[in-house]
Structure formats: structure tokens, C-alpha cells
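**Q** Below are the C-alpha cells for one structure; questions will follow.
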Amino acid sequence: MKRRDFFAATAGAALVATLPNEALAGTVSGDSAPTGAFEVVAAFSGPGPSGIAVTPSGRIFVGFPRHADNHREATLAELRGGALIAYPSAALSLPSDLPPAQRLISIHGMTTDRRGRLWAIDDGKLAGQPIAPGAAKVVGIDPASDRVIASIVLTPPAMRPDSHMNDLRVDLTHGAQGTAYVADSSFGHTGALVVVDIASGRQRRVLAGHPSTQPEAGFRVVLEGRPLSYDASHPTFPVGGADSITLGADSTRLYYSPLTSRRLYSIATDVLADFGANDAQLAASVVDHGEKVMTDGLATDAADRIYMTAGEHDAIMRRLPDGRMEVVVRDPRIVWPDGIFATDHHVYCTLGQWNRLPGFNDGHDLREPPYLLIRAPIGEPPALS
């Protein structure tokens, strides 16, 4: 070090040391201070949560998938009085000897439709086992009666052996009883969207191979200060195609993104729900909305603001209709935010800690229960023009 650089460095150090604490605020990374606030709705000491849905009356439902941990607890439960109640019944939600098509295997993504009915995607996967015929399905339940109103088994070619049916949205503006759109992020490299006509059970796999549904090669993330990436021989992060998914407020477009990507795409539901539309027509309807953040979940509020889990930033963010992004809440306790759901007043989110699974950490389970379900206020939405 040159003499003048040494004196400049030591003079600066002395100056900082004599400044009052208030003047040091700018020298500390803003990441050390949380932004916004959330409340813990529930803390789960058992299996990790994924899907979350809240009905207009305030009933809260949580999904506990079994594809990473073949647990013996309920895979779908209602949070009632601080306790988890197997839903819609213990016979359907707990492990049993019933055929896979007649029970819930591994509930993953969840949503409600405009009539307040609960919908879930059963990814059908038990850890370490192939997906059994009849296991993967779209399930609809009416909370008014607590009865199953739909159970549509996903079959080939819409379903693949390496499918990972991750999340879904239900559009009541298309089809006699609505249309379900499912994001298949795949346990391999074959992501796609799956379209299901609820009335007939007709289904098809679309945009398979299209860039909007595929994982980005060489994708890297930084979670909890660790650079992570997918490597088949030594994975520290999963590879994932079409994963997070949400309908626009008026259901005219479906927004989605691969897990290993930072881009947001959408497609017109008029085209997506049309079983007569060919691959070229589907591809022509896809819009690339540019970069966002790496997301594992998307949700939309009544003002057409899209909420995003932002695991790299320990945050929940949202995209405004004009494309601007803002932070809703940021806190170091937000470890791999997963399922997300927006009501009129709050955004709910499950914190799955999936990056801490043994498969990404040389066989060491680094998860630290309890797993949290949180919610953050979103303020009054602006009136739509």
C-alpha cells in the first residue's frame, strides 16, 4: 500500500469510529432490516406445507405434499381453531389402502374459483416411488358442503412418468363447468402446461418444448447466501419448468413462469382453453413480460396486482399492472416462500424451506421446524380503470 493510501485509509477509519451511531446507518446494508410486516398465522411442527387457499368466508386450507417426504399426516387439512383437521375427511386425506384414484395422495398447489370453491392439484407422487396410475388428479371441493365435486385423473399423454404437477388455476369463463390450467414443472426437463375441461375431463398437454415452459440452462440462484444450481450428479437446487401460475383478475390471461427462470410469461385463455388451437396458435399467443424474480408461487388480487414469492430476497413482492415491481414484505425468516394466496386484505404464504432438503445438502436435512404460514397486509387495492 502506498503511504498516501495508508493515511487515507486510517483517517477514514478514525473518522467513522468517532461518528455518532445515527451517522453509521448508511454504512449498513438495507438487507439487515426487514421491510413491511407479517404475522404468523400458524406454525407446523410436522411435514412441510406447500399449497394455501383461503375462502371468501375466511376458511384456511393447507396442502402438505408427500413427493419429498412420504409422511403419514394429512396431505390436505383445514386450519381450524389453531389445529389441522384432515380435509375433506380423514379417509380421503390420510394414507390408506384405497386405490390412488379414490384418495388424496400428495396435495400440492391450491386455489379457489370465483364461486369460492376449493381446487387442488394432487401431484400423485410419493417420495422414492413412481407415480401410480390414478394418483395425479385435479380435485374440486365445495366448502359449503365439504363434498368432493370433481376428481379428474390425469392420464397420458397429458401426464408423463416424470410429471410434477405443481400448481393450478381454475377459469370459470371457459367451459361448461370451467377449465383448469395446471403447471407441470416436471421432475426432469419436460415442463408444460396441462389444460383440463372440468365438465368432460378432456385434457391435453400444451406448450411442451416452448421456451416459456422450460427451465433455463445454467440457471443459478442465491438462497440464504449460498449460490445454488442444478447438477444431475450433485444437485444443490432443483431443475424446474412451468411452475408458478396465476390468472389475471378478469381471467383473460394466464400468467406463469418456470421455476428455474426469472421471466414472466402469459397466454390468452381464449386460445389456451380452445382444444382446437394448434401449437403455432398457442405459441403466437404467448407474451414475454420480461424479468421479475425467481418465483415458486404467483397470486393475483382484485386490482390485477400479481404477488410473487421471492426466495432470493427473503421476500414477497408484487408486480403492478403497469409492470412496476414493489416489495410487500421482506424478512430473513422468509425461507423459500412457496404457496401464495391473495385475499382482499392480505397475502398468505407458506414457507417450505425446500432448499434445506437432504437431497440438496449432501444427505443432510437442514430444515428447522416449525414451518410457518404467514400473512402480510396488502392495503386497499386501487380502483381499476
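**Q** I'd like the chymotrypsin sites (Phe, Trp or Tyr not before Pro) in segment 244-290 restricted to DSSP loop residues with at most 14 other Cβ atoms within 10 Å, sorted by number. The partial results should precede the final answer.
**A** Details: sites: Tyr255, Tyr256, Tyr265, Phe275; in loops: Phe275.
The qualifying sites are Phe275.
**Q** Then there is this: Search the structure for amide H atoms under 5 Å from the amide H of Arg202, placed 1.01 Å from N in the peptide plane, and list their residues when 5 or more places away or on another chain.
**A** Placed amide hydrogens put Asp197 under 5 Å from Arg202.
**Q** Put a dot 7 Å past each Cα toward the Cβ at Glu73 and Glu380; how far apart are the dots in nm?
**A** Calculated label separation equals 3.9 nm.
**Q** Using only the alpha-carbon atoms of segment 221-273, report the extent along each of the three principal axes, biggest first, to the nearest angstrom.
**A** Extents along the principal axes: 42, 22, 11 Å.
**Q** Also, I was wondering about something else. For segment 256-332, go through all pairs of different Cα atoms, get the mean of 1/r, take its inverse, and jot down that Kirkwood value in Å.
**A** On the way: mean 1/r = 0.0736 Å⁻¹.
Taking every pair of different Cα atoms in segment 256-332, averaging 1/r and inverting gives 13.6 Å.
**Q** Ok, one more. Quick one: which residues, 5 or more positions from Gly124 or on another chain, have an amide H under 5 Å from its amide H? H modelled 1.01 Å from N in the peptide plane, none for Pro or chain starts.
**A** Ile105, Ser106, Lys137
**Q** Between Thr300 and residues 5 or more places away or on another chain, which pairs have amide H atoms under 5 Å apart, with H built 1.01 Å from N, and which residues are they?
**A** Tyr307, Ala342
**Q** Mind telling me which of His174, His108, His364 comes out most flexible in a GNM of the chain, alpha-carbon contacts under 10 Å?
**A** Of His174, His108, His364, the Gaussian network model singles out His364 as fluctuating most.
**Q** How high is the relative contact order of the chain? Use alpha-carbon pairs under 8 Å, at least six apart in sequence, and give a whole percent. Intermediate values should be presented prior to the final figure.
**A** Values: 969 pairs, mean separation 51.0, N = 385.
Answer for the chain is 13 percent.
**Q** If you don't mind, another one. Give me the percent relative contact order of segment 163-291, please, defined on Cα pairs under 8 angstrom at least 6 residues apart. The partial results should precede the final answer.
**A** Numbers: 309 pairs, mean separation 26.6, N = 129.
21 percent.
**Q** Would you mind getting the Kirkwood hydrodynamic radius of segment 163-291 from its Cα pairs, rounded to one decimal in Å?
**A** Details: mean 1/r = 0.0667 Å⁻¹.
Answer for segment 163-291: a Kirkwood hydrodynamic radius of 15.0 Å.
**Q** Also: For a distance above 18 Å, tell me the whole-number percent of Cα pairs in segment 318-365 that qualify. Before the final figure, lay out the partial values.
**A** Working: 538 of 1128 pairs.
The answer is 48 percent, as a whole percent.
**Q** Compute the acute angle (0 to 90°) between the alpha-carbon long axis of helix 3-18 and the principal axis of greatest extent of the alpha-carbon atoms of the chain; round to the nearest 10°.
**A** Roughly 70 degrees, rounded to the nearest 10.
**Q** Take the Cβ-Cβ distance between Ser229 and Leu320 as r, set R0 to 45 Å, and report the resulting FRET efficiency rounded to the nearest 0.05. Let's see the in-between values first.
**A** On the way: r = 31 Å, r/R0 = 0.68.
The computed FRET efficiency comes out at 0.90.
**Q** May I pose another question? Over the alpha carbons of the chain, what is the largest minus smallest coordinate on each principal axis, giving the biggest first in Å?
**A** Sorted from largest, the Cα extents of the chain read 80, 48, 45 Å.
**Q** Let me ask something else. Just to be sure I understand the model, the point goes 7 Å from the Cα along the line to the Cβ. What's the resulting Asp97 to Asp344 distance in nm?
**A** For Asp97 paired with Asp344, the spin-label model returns 4.9 nm.
**Q** Counting pairs of alpha carbon atoms under 8 Å apart in space and at least six apart in sequence, what relative contact order in percent does segment 35-119 give?
**A** Numbers: 139 pairs, mean separation 23.8, N = 85.
Across segment 35-119, relative contact order equals 28 percent.
**Q** Using alpha carbons only, how many angstrom separate the centre of segment 135-170 from the centre of segment 336-351?
**A** Going from one Cα centre to the other spans 21 Å.
Read-outs throughout are calculated quantities, based only on the coordinates presented, and are distinct from any laboratory measurement. Because the structure is a prediction, the values reported are computed rather than measured. Backbone-built Cβ (ideal geometry, glycine too); neighbour counts: all protein chains shown.
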